[in-house]
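Working notes, beginning with the structure itself.
What follows is calculated from the coordinates using simple rules that are stated; it is not laboratory data. As the structure is a computational prediction, the values presented were derived from the model and not from experiment. Cβ: placed from backbone, ideal geometry, glycine included. Neighbour counts: every protein chain shown.
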Amino acid sequence: MINFIIWIIVGAVIGWAASLIMKTNSRQGLIADIIVGIVGAFLAGIFLSPLFNIGTINEGDFSIPALLVSLGGAIILLAISKLFRNVAGFLAVVIIVLLVFVYFNCWVMASDSMFCASIRLLPFLQ
């Protein structure tokens, strides 16, 4: 439970720092900072962690390198969202990122999870 609270607090700080760097702080509040910090750490886990061989805050690693990698992911997320100012464009980017994640997880890595098995059974993917 305490790890979850620390994760939320660190996510908020990372989201706030990323919003200051990207100059989006005036239009986002505490909840958006938390979401940006946590989703940014998730993106960093996908794209930056393999490059630097460092964990993120989503993996329970609260070291300085992990915080910096998570901050990098949050900055990438805000940069993408600045490209698409409206909600529909941002949601389109999120859906594309999720589709790429599902593709790499279920087909390239050939995962045998129940989720990937259900995705492979969709009629339009046959």
Discussion item. For the range 1-75, place one equal point scatterer on every Cα, skip the solvent, and apply the Debye formula. What is log10 of I(q)/I(0) at q = 0.12, 0.17, 0.23, 0.24 Å⁻¹?
Written reply: -0.27, -0.52, -0.91, -0.97
Worksheet item: Ranked from highest to lowest mean number of other Cβ atoms within 10 Å per residue, what is the order of the peptides 113-119, 60-66?
Response: 60-66, 113-119
Worksheet item: FRET efficiency for SER63 and LEU30, Cβ-Cβ distance as r, R0 = 35 Å, nearest 0.05?
Response: 0.90
Item to complete: Please state the charge dipole magnitude for the chain, taken about the Cα centre, from unit charges on C-beta atoms (+1 on K and R, -1 on D and E), reported in debye and rounded to the nearest 20.
Response: 460 debye
Practice prompt. With an 8 Å cut-off on Cα pairs and a minimum separation of 6 or more residues, tell me the relative contact order of the chain in percent.
Written response: 21 percent
Worksheet item: Given the alpha-carbon gyration tensor of the chain, what are the semi-axes of its equivalent ellipsoid in whole angstrom, ordered largest first, with each equal to the square root of 5 times an eigenvalue?
Response: 27, 19, 13
